[in-house]
Structure formats: structure tokens, C-alpha cells
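Have a look at the structure below before the remarks.
The values are calculated or read from the model by the stated rules, or taken from the named source; none is laboratory data. Predicted model only: the values in this text are computed from it and were never measured. We place every Cβ from the backbone using ideal geometry, glycine too, and count neighbours over all the protein chains shown. Areas reflect the complete protein model, heavy atoms only, side chains present, ligands, DNA and RNA absent. Shrake-Rupley method; radii C 1.70, N 1.55, O 1.52, S 1.80 Å.
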Amino acid sequence: MGSGSRDFASRKADSRGFALKVLLAVITGLVGAALLHLIIVLALPDFSERDAYTRVLAEGEIYRFYRLGEKPDRAGLSKDDPFVDATVCAFDISEGPVRLTAANGGVPFWSLGVYDQSSNEVFSINDRTSAGGVLDVVIASPMQLTALRKALPQAVSQSILVEARAEEGYVVLRSLVPQPSFAGIVSQFLNQATCAPFEWRSRSRF
């Protein structure tokens, strides 16, 4: 009888100990989850301020190309290849299309990528797929493209028309610099590239 009571008490103590361990594990998990959630919430503004689109905007005014160097600039952007020079431009087509142009000028290779605010690539082109190796692209919303195609201006008769669902985004124009002797040609190509609103009809409304 005494031995049975002791066994019962021992089992009861073990059961309480196990329950306490489970409760402690649950509390620890809940506290850990809460702390992790708090860390994520506090970190979100920092990450949102560092996305590519925000950094391109931080370069300065929109509708203007900004050259990237080998080291991160004040916006935190830099080119990712020593043999490739790059320039970026942010745009907003809410009020009308934007046109991107650049004469080839003998660069060995160039490519253009168009991205939305979330850094999803919506269009790309290079000197091999463009007409005569010349950059001439018009980015517009579906409604703007409809208006353009109804009365296509002579100025963009040879342009590549790109439909963009998002009103805001950015472009990255790159050019290959295989040897130092190409640096001048590439610099001229990138420096003369334009990224500007395309006002083809003053009375047009998109």
C-alpha cells in the first residue's frame, strides 16, 4: 500500500513535470514567434527603401539617365560587371508615353531592360534584335498604345512600341566594353541616350 502510494505520487510528479515542460516549450515558441514577427515588421521599411526601383528614384529626377560606377553611389547602385557600363532611368507613363533613344555609334554590344516597380522585367532588347542596331523604344499603357496606333506619328513609325501595365518603372541600358579602347565610344553612346516623355500630340489625352 505504501509502495503503491509512492509509485502513484512519483507518476503524478512525472506527469506534472512533463506538462510543465510542454507548457514551457509552447510559451517559448509563442514568444519566439512574436519576436520574429516584430523583427520582420521593423525590418520591412528598411528593405522597402532598398529595392531597385526606390534606388533608381533616389538617383534624382525621373526621365533622365544616370551612369553607374564600379562602386555603389549615394543611391546604393553600381554596375555589376567591369566590362559592362550601365545607366538607369526611372519613368512614369501616367500622363503619356516615354521614348528611349540612342544612336549605335559603333559600340560592340548594347542591351536594354524595362522593369516595373517590383523589378519584374517586362521587355528587353539589344542591338542584335533592334532595327539597324539603333535604340528606339516607346513605352506606353494599353490605352496610350491604342491611341498611338490609330494615328501613328511619323516620328515613331520605326519605333518599337512596348505595352506596360504598370505606370511607373525603370530601364537599364548596358553596353559592353571589351577593351579600354572602346571606353570612349561606349561613354558617348550612354551619355547621349535619352529617356523622355513622348508628346506626339499636344491635345492628346490618354
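Select from the stretch 136-161 the residues that are buried (at least 18 other Cβ atoms within 10 Å of the Cβ), touching a helix residue (DSSP H, G or I) at 6+ places or on another chain (Cβ under 9 Å) and within 30 Å of Pro82 (Cα to Cα) and list them in ascending order. Scanning the stretch 136-161 gives Asp136, Val138. For the stretch 82-91, residues that are surrounded by fewer than 13 Cβ atoms within 10 Å (Cβ to Cβ) and in a strand (DSSP E or B) total 0. Picking from residues in the stretch 162-172 that are open to solvent by less than 50 Å² (accessible area, probe 1.4 Å) and free of Cβ contacts under 8 Å to residues at least 60 places away in the same chain, the one that is nearest to the chain's Cα centre (by Cα) is Ala166. Counting residues in the stretch 177-185 that are part of a helix (DSSP H, G or I), open to solvent by less than 20 Å² (accessible area, probe 1.4 Å), touching a strand residue (DSSP E or B) at 6+ places or on another chain (Cβ under 8 Å) and on the phi < 0 side of the Ramachandran plot gives zero. Residues in the stretch 50-81 that are basic (Lys, Arg) and part of a loop (DSSP other than H, G, I, E, B): Arg50, Arg64, Lys71, Arg74, Lys79.
Looking only at the stretch 193-203, decide whether some residue is among the β-branched types (Val, Ile, Thr) and over 30 Å from Pro82 (Cα atoms). No, the stretch 193-203 contains no residue that is among the β-branched types (Val, Ile, Thr) and over 30 Å from Pro82 (Cα atoms). Among the residues of the stretch 92-135, the one identified as buried (at least 19 other Cβ atoms within 10 Å of the Cβ), over 19 Å from Val186 (Cβ atoms) and hydroxyl-bearing (Ser, Thr, Tyr) is Tyr115. Checking each residue in the stretch 186-196 for being in contact with a Phe, Trp or Tyr (Cβ under 7 Å, 6 or more places away or on another chain) and either at pLDDT below 95 or part of a loop (DSSP other than H, G, I, E, B) (or both) picks out only Ala193. Picking from residues in the stretch 118-163 that are of a type in the set (Lys, Arg) and not in a loop (DSSP other than H, G, I, E, B), the one that is farthest from Gly106 (Cα to Cα) is Lys150. A single member of Glu95, Glu168, Glu70, Glu59 is more than 13 Å from Ala193 (Cβ to Cβ) and modelled with pLDDT of 95 or more, and it is Glu168. Just one of the listed residues (Ser124, Ser119, Ser94, Ser130) is within 28 Å of Thr146 (Cβ to Cβ) and either among the charged types (D, E, K, R) or touching a helix residue (DSSP H, G or I) at 6+ places or on another chain (Cβ under 9 Å) (or both), namely Ser119. Residues in the stretch 26-50 that are open to solvent by less than 50 Å² (accessible area, probe 1.4 Å) and either under 26 Å from Gly169 (Cα atoms) or modelled with pLDDT of 50 or more (or both): Ala43 only.
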